[in-house]
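Trainee: Below is the structure I would like to discuss, written out as structure tokens.
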Amino acid sequence: MPEGKALFSPIEHRLPAEQTDKEYPFILTTGATIWHWPSGTMTRRSKNLNRDSPTGWLEINTEVAKEIGFKDGEMIAATHAAARLVSGHV
């Protein structure tokens, strides 16, 4: 990177490996929070961090949440063909 500038290279667009369907109509992604790194494997060992953020949560468009019947703060189980979020708040 000369002079501190990044070098960008264009690539061809590729569709996601998994597509939505009737059984799994949403694409789920993960991310970090100010309390925990993505999986929390290390940060969940901290009593103070767990006090401030004891569970994961799912963020969803408010209109879609209403259509599904989710209520704010409700515990849900989000499933995918290969994974399951055991406890998360909407």
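Trainee: Return the total of residues in segment 40-74 being modelled with pLDDT under 85, within 15 Å of the chain's Cα centre (by Cα) and either among the hydrophobic types (A, V, I, L, M, F, W, C) or under 19 Å from residue 22 (Cα atoms) (or both).
Mentor: The number of residues fulfilling the criteria is 2.
Trainee: Take residue 65 and decide whether it is under 22 Å from residue 79 (Cβ atoms), out of contact with any Lys or Arg (no Cβ under 7 Å at 6 or more places or on another chain) and either charged (D, E, K, R) or part of a helix (DSSP H, G or I) (or both).
Mentor: yes
Trainee: Under 6 Å between Cβ atoms, at least 6 apart or on separate chains: pull out the pairs that start in segment 20-35 with a residue that is touching a residue at least 12 places away in the same chain (Cβ under 8 Å) and end on any residue that is of a type in the set (Asp, Glu).
Mentor: Qualifying pairs under 6 Å: 35/52.
Trainee: Taking the conditions exactly as written (assigned to a loop (DSSP other than H, G, I, E, B), surrounded by 10 or more Cβ atoms within 10 Å (Cβ to Cβ) and of a type outside the set (D, E, K, R)), does residue 20 satisfy them or not? I'd like the intermediate steps shown before the answer.
Mentor: Details: assigned to a loop (DSSP other than H, G, I, E, B): yes; surrounded by 10 or more Cβ atoms within 10 Å (Cβ to Cβ): yes; of a type outside the set (D, E, K, R): yes.
Spelling it out, residue 20 is indeed assigned to a loop (DSSP other than H, G, I, E, B), surrounded by 10 or more Cβ atoms within 10 Å (Cβ to Cβ) and of a type outside the set (D, E, K, R).
Trainee: Now a separate question. Just a yes or no: is a residue in segment 11-31 modelled with pLDDT under 85, hydroxyl-bearing (Ser, Thr, Tyr) and closer than 21 Å to residue 61 by Cα?
Mentor: Within segment 11-31, one or more residues are modelled with pLDDT under 85, hydroxyl-bearing (Ser, Thr, Tyr) and closer than 21 Å to residue 61 by Cα.
The values are calculated or read from the model by the stated rules, or taken from the named source; none is laboratory data. In this text, all values refer to a predicted model and were calculated from it rather than measured experimentally. Cβ coordinates were reconstructed from backbone atoms using ideal geometry, including for glycine residues, and neighbour counts include every protein chain displayed.
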